[in-house]
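First the structure, in the form of structure tokens, and then the observations on it.
The values are calculated or read from the model by the stated rules, or taken from the named source; none is laboratory data. Note that the structure is predicted; figures quoted are calculated from it, not measured. So basically every Cβ, Gly included, is an ideal-geometry build from the backbone, and we count neighbours across all protein chains shown. Heads up: the accessible areas ignore ligands, DNA and RNA and are worked out on the full protein's heavy atoms, side chains in. Shrake-Rupley method; radii C 1.70, N 1.55, O 1.52, S 1.80 Å.
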Amino acid sequence: MEPSNLFLPEIILVASIMTIPGLYMLTETKKSFALCSNLTLTSILLFLIVSWFNPEVLSMDREVSMFLLYGHFKIDIFSQIFKIIFVLVALTVSLISSSYFDEDEPHQAEYYTLLLSSTLGMLIVASANDFLTLFLGIEISAFSSYALVAFRKQDDKSAEAGAKYLLIGAFSSALTLYGISLLYAVTGSLTFDGVHAFIDGLSQGVITGNFNEVIFISSLFILAGLGFKIAVVPFHAWAPDVYQGAPTPVTTLLAAASKAMGFIAIFRVFSFTLESVSEEWKLVLGLVALASMTLGNLAAISQEDIGRMLAYSSIAQAGYIMIAIPAMTDDAMSGAIAHTLIHAFMKGGAFVVVAGLGAVGLGYSLDSYKGLAQRSQLLALSMTVCLLSLVGIPPFAGFISKFLLFYGTLQAGLSGETWIIALVIAGVLNSALSLYYYLKIIRYMYLYEPVEAKEVVFPSSIRYISLMTILLLGIIFPLYWQSLFEICKEAAIALMG
Amino acid sequence: MLFAMLVLFSGNVEAENHTVTVTQSDDFTSYFFDPNVLEVEVGDNVLFVWGNGSHNVAQVSDSESNNYESGFYSGNPQVGGNWPLPADFTAQDGTLYYVCEPHATMNMRGSIIVGSGSLPLPEISMEFSDFPWLSYLLVFPIIGALWSISFGNTPNAPRLIALFTTLFTLIISLIVFMKTGSKSGYSLMEEYEWAPNLGISVLLGVDGLSSPLILLTGIIGPLTVIFAWEEKERPGLFFSLLLIMQTALYGVFVTLDYFVFYIFWEIVLIPMFFLIAIWGGDDRRYASIKFFIYTFTASVIMLVGFMALYFESGANSFSMIDIANSSRELSINNEAFSENFQIWVFAALFIGFAVKIPSFPWHTWLPDAHVQAPTAGSILLAGVMLKMGLYGLIRAALPVLPLGAVYFVPVMVALAIISILYGAVLSLGQTDLKKLVAYSSVSHMGVALLGVATMTELGLAGAVFMMFAHGILSPAMFMIAGVLLHQVGTREIPKLGGLARHQPKTTGIFVVIFMGSLGLPGMAVFVAELAVFIAFFQSHGYWLLLPIFGMVITAGYHLWALQRAIFGTDSEEIEMSKVHEAPWYELYPMFTIIIIAAIFGIFPHYLMDPINTACYDILIFMGVL
């Protein structure tokens, strides 16, 4: 096959993005949009999984990176694994959306179109091999999600969240772009490899010149811009409002996929492109990580809204992942990749339950979780598994990814820079701190009586997805974590070159 | 192996003969051996030849001591003649010190350095099993748990399944205990690969340290189930949580891999959290969350310690055996495991373990958890879960970090003594019987910690024996509290009184259990306390008076509680006409416990033999003995 077939997922997505508005003109049945979106995402997922296990079908090799479109598009194990996650999350969102929105909810065609275009942006980010492609991918995804967040425009909170997200997103894009332009001015290149080679030469003395200040400033700008995407302190303020205000399926997309997209960008930029000038940004990233996990966990304790609490927990989780970046080793990076992946599952799984409760009209306050176990054992168990995973309690998957993360980072700390050990210890203590608010939900679900005696039946799509979450986080990942470790290690090596 | 070495040396190398002259100067001013330091190869012969004066040759323990203790001895002082050193004293590396008894104080001493001069490093023997006994221990309760939860809230099936499962695991535990015997090293080992790239495997094995605790877990299992026979609230979930708890506890005691150990260590928390939170008392929500957060915080610090051990050893393995071996090797060669490192990591591990023990000042979660937990939960908590802390300390911290452990001996002694006294004094002031037992646990586990802190064979063995004895008797104390609440309606000691007239059989059992718990000779706790106190006297002298004083208070609060609650005039506050004997499912477990406590109190060697072997091995391995 031609290498351009590797581009098939994106092509299918674009085709589908054009089809859904077409369907809108042809048919009145709203289910067709959801069906079209589900079919598209399922086929892409199947394609990605088949090509993962049989790379020779696509005449590619796991060990070797493939380049498309004049080297602007890179296919390697790192990009493929994240693409699978993005499509999986998008499929989940698409599935729960049809039960979350009523049959007569207006503008469903636009909703699914935007969902697919947001996914397209993420896939582009996963494969981007230069700053412009990266920026374009982020913007495609972000513009779609601005509209998705404000999807229920009659709802004040949704509109407010959309406005906030748009303003802050635009601001952060501008910052990123300015940082990129500074780098371009210094290096004369936009591809990651080109910038990497220039900076490498600079640090080895092949290229002369003192660009330290410029590189420091540009890395600060890029960090600020991307920091908004992954919501780390001090660029986190939008996240609680948006997570609370957006329709829950959209929040699922933001928390599980959009966050991972931000991390891909961070990994590509800091762990690869700017790797040889790590002295410039290491400490800044370490401080951001420390502040992020501590403030995130502290702020989460007092939240009364599940969306806000999970948003702050997301901020804290981003902090954990960030500690691996200053460590600059394969092991630490594979831990970071593993935790980013597993985070998508556990946050996604938690928000699916939130969406389930929202869909049957139980509301979003923590009180609505009281007595959930009496209403549905399955949903309560799924939420429990996700939350214990987020804390990092064995034997759930979150423990394993967190272990890999701390393992790699601690190794780097012990063999070199001792201040990184402090980051690991802070991470470990923060995990214990976070236990408090996660346990609060678990206690509410199992130990309290429901606030209002209301018989509810949860949609079957939510129940099936919850069952899948339990199986994945509770059984499959813990049993086969050697494979997870190997894949992440390969991805880390592919990433760091 | 010794024999093989002998054959090897005598076969290849000609054994040399050395002579030491035992003599004095003609003017009686100096007494000496000539030469006074002799270096010989392994397998050489040494002949002592008498010169002037009346002397003998007697081995002493080191270059300072004067008295013949055991070892070689040429007999009473003699004049003239000669005496060959028995061949087995030069059969392995080591340094032999000896004196002439009459002239030891006049510095008539010498030494023989055999080979390298240091004792050969003992090896940990490992014996793999043909039959997966230990996996059965882990798997059966899980199957029982799934089976039991599938019955939901039907009253009969879950308890029968739980009883059947726990009896079955009790039998396997007994077999494991018998098969392990008092052999040195690990036996019944099994290994399953899990994540070989990281050096993580499910490595199972038992030795004399873990086999008593496996037996304890086995015994407590069916007793808990029988005692909770009439559990009405969600019995399916209740019994399956008990069984999951059992698997996790077995897991902690049989794994020899730091990572898997940690996993089981944490899994224990989850069923316990739900047991307290769903079936607990009025304040259960607070108690359960405090319990969880307290112990989780401590154990994540412990996990960082484990990872530090893993990286420092460089063995790319989480196996306790591998890490212990490389720790010893690297620290002898000064390559890694420096004293500084050992102190830091020991501190991290000690925090993790001390919270579980629980030792002062980390004991505050225990009274809350105990008082709020249902009786079955308290039984497991006090009976087995508290033992995890000390077990972890002895198993996971001592062999790898001997220098760190020795550095922390004063801290451990201080914490142990404070725990003993403080726990006892607080018990004295409690009115709630369950709280009294909870604080007495702090005090008793303080005794066990004191035993570990002596760093002697007897002390360590006493500590492990205490873990078993307390693990048997404190559940019985909690059962008493449960019985009182069921049959009389209150656990408040001042409200009780005169029960002995109305339930003579039940209170008779109460009295025996109280006596056992306060350390009456003939019951298991006494043996443990005696061993620990003798060892502590040997290592720290008259500091012993402090813990002994704690024992006086212990006797005091037990007897005082007994007198107020059981004897005396009939209480006004309870309706005596409604008080009658406890039902069979509450009496039988307590009676069984009395029998077991008496068996091991009268025949302690059944337990002491394996424990002694294991403790000796650990101390030898640490280089303390």
message: Any residue that is open to solvent by 40 Å² or more (accessible area, probe 1.4 Å), free of Cβ contacts under 8 Å to residues at least 24 places away in the same chain and either within 30 Å of residue A:306 (Cβ to Cβ) or in contact with a strand residue (DSSP E or B) (Cβ under 7 Å, 6 or more places away or on another chain) (or both) - is there at least one of those in the range A:167-178?
response: yes
- request: Go through the residues of the range A:449-471 one by one and say whether even a single one is within 13 Å of another protein chain (Cβ to nearest Cβ) and under 30 Å from residue A:91 (Cα atoms).
  value: no
statement: Those residues of the range B:516-535 which are surrounded by fewer than 21 Cβ atoms within 10 Å (Cβ to Cβ) and assigned to a helix (DSSP H, G or I) amount to B:526, B:530, B:534
query: Under 6 Å by Cβ, and 6 or more places apart or on different chains, what pairs join a residue from the range A:141-156 that is within 12 Å of residue A:118 (Cβ to Cβ) with one that is at pLDDT 90 or above and β-branched (Val, Ile, Thr)?
result: A:148/A:250; A:149/A:242; A:149/A:250
field: All positions within the range A:373-385 that are farther than 30 Å from residue B:259 by Cα and within 14 Å of chain B (Cβ to nearest Cβ)
entry: A:373, A:374, A:377
statement: When (1) touching a helix residue (DSSP H, G or I) at 6+ places or on another chain (Cβ under 6 Å); (2) assigned to a helix (DSSP H, G or I); (3) within 14 Å of another protein chain (Cβ to nearest Cβ) are applied to residue A:388, the one that fails is (1)
message: So residue A:213 ticks every box in (1) on the phi > 0 side of the Ramachandran plot; (2) without any contact (Cβ under 8 Å) to a residue 12 or more places away in the chain but one. Which box is left unticked?
response: (1)
statement: Log entry, pairs with first residue in the range B:263-285 being facing chain A (nearest Cβ under 8 Å) and under 14 Å from residue B:388 (Cβ atoms), second being open to solvent by 10 Å² or more (accessible area, probe 1.4 Å) and assigned to a loop (DSSP other than H, G, I, E, B), beta carbons closer than 6 Å, six or more apart or on different chains, reads B:263/A:395
message: Quick check on residue B:148: is it crowded, with 19+ Cβ neighbours inside 10 Å, modelled with pLDDT of 85 or more and assigned by TED's automatic domain parsing to the domain that holds residue B:241?
response: yes
message: I want to confirm something. Restricting to the range A:368-395 and keeping residues that are in contact (Cβ under 8 Å) with a residue 12 or more places away in the chain and open to solvent by 30 Å² or more (accessible area, probe 1.4 Å), which single residue is farthest from residue B:268 (Cα to Cα)?
response: A:375
message: Among (1) over 30 Å from residue B:593 (Cβ atoms); (2) touching a residue at least 12 places away in the same chain (Cβ under 8 Å); (3) surrounded by fewer than 24 Cβ atoms within 10 Å (Cβ to Cβ), there is one condition residue B:397 misses while meeting the rest; what is its number?
response: (3)
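Is it the case that the range A:181-191 has a residue that's in a helix (DSSP H, G or I), in contact with a Phe, Trp or Tyr (Cβ under 8 Å, 6 or more places away or on another chain), touching a residue at least 40 places away in the same chain (Cβ under 8 Å) and open to solvent by 30 Å² or more (accessible area, probe 1.4 Å)?
yes
Taking the conditions exactly as written (without any contact (Cβ under 8 Å) to a residue 60 or more places away in the chain, more than 12 Å from every other protein chain (Cβ to nearest Cβ) and buried (at least 24 other Cβ atoms within 10 Å of the Cβ)), does residue B:349 satisfy them or not?
yes
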message: Condition check: surrounded by fewer than 24 Cβ atoms within 10 Å (Cβ to Cβ) and under 30 Å from residue B:622 (Cα atoms). Does residue B:490 satisfy that?
response: no
message: I'd like the full set of residues that are open to solvent by 40 Å² or more (accessible area, probe 1.4 Å) and either within 8 Å of chain A (Cβ to nearest Cβ) or at pLDDT below 85 (or both), limited to the range B:298-342.
response: B:301, B:312, B:314, B:315, B:329, B:332, B:333, B:334, B:335
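Residues being assigned to a loop (DSSP other than H, G, I, E, B) and closer than 30 Å to residue B:617 by Cα: count how many of those fall in the range B:126-182.
Matching residues across the range B:126-182 total 6.
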query: Can you pull out the helices (runs of 4 or more DSSP H) entirely within the range A:67-168 that have at least 1 residues that are acidic (Asp, Glu) and over 18 Å from residue A:272 (Cβ atoms)?
result: A:108-127, A:131-149
- prompt: Taking the condition of a type in the set (D, E, K, R) and crowded, with 24+ Cβ neighbours inside 10 Å, does residue B:283 pass?
  reply: no
message: Every residue in the range B:567-605 that is open to solvent by 30 Å² or more (accessible area, probe 1.4 Å) and either of a type in the set (A, V, I, L, M, F, W, C) or in the same structural domain as residue B:229 (by TED's automatic domain parsing) (or both), please.
response: B:567, B:584, B:591, B:595, B:599, B:602, B:603
query: Can you find even one residue in the range A:426-439 that is part of a helix (DSSP H, G or I), facing chain B (nearest Cβ under 9 Å) and surrounded by fewer than 18 Cβ atoms within 10 Å (Cβ to Cβ)?
result: yes
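In the set A:49, A:11, A:20, which member is surrounded by 17 or more Cβ atoms within 10 Å (Cβ to Cβ) and closer than 21 Å to residue A:116 by Cβ?
Values: A:49 fails: surrounded by 17 or more Cβ atoms within 10 Å (Cβ to Cβ); A:11 fails: surrounded by 17 or more Cβ atoms within 10 Å (Cβ to Cβ).
Exactly one of A:49, A:11, A:20 is surrounded by 17 or more Cβ atoms within 10 Å (Cβ to Cβ) and closer than 21 Å to residue A:116 by Cβ, namely A:20.
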task: Could you tell me which of the residues B:625, B:518, B:562, B:619 is at pLDDT below 90 and under 17 Å from the mean Cα position of the chain (by Cα)?
output: B:619
task: With respect to residue B:145, determine if the residue is over 22 Å from residue B:252 (Cα atoms) and more than 14 Å from every other protein chain (Cβ to nearest Cβ).
output: no
- prompt: Out of the range A:409-422, which residues are modelled with pLDDT under 90 and either of a type outside the set (A, V, I, L, M, F, W, C) or under 23 Å from the mean Cα position of the chain (by Cα) (or both)?
  reply: A:411, A:413, A:415, A:416, A:417, A:418
message: When the residues of the range A:62-98 are narrowed to those that are within 16 Å of residue A:112 (Cβ to Cβ) and either of a type in the set (Val, Ile, Thr) or open to solvent by 30 Å² or more (accessible area, probe 1.4 Å) (or both), which ends up farthest from the chain's Cα centre (by Cα)?
response: A:98
- prompt: Looking at the range B:291-381, what helices (runs of 4 or more DSSP H) fall wholly within it and have at least 2 residues that are in the same structural domain as residue B:231 (by TED's automatic domain parsing)?
  reply: B:320-332
- request: Kindly establish whether residue B:140 is within 30 Å of residue B:208 (Cα to Cα), surrounded by fewer than 19 Cβ atoms within 10 Å (Cβ to Cβ) and either among the aromatic types (Phe, Trp, Tyr) or touching a Phe, Trp or Tyr at 6+ places or on another chain (Cβ under 7 Å) (or both).
  value: no
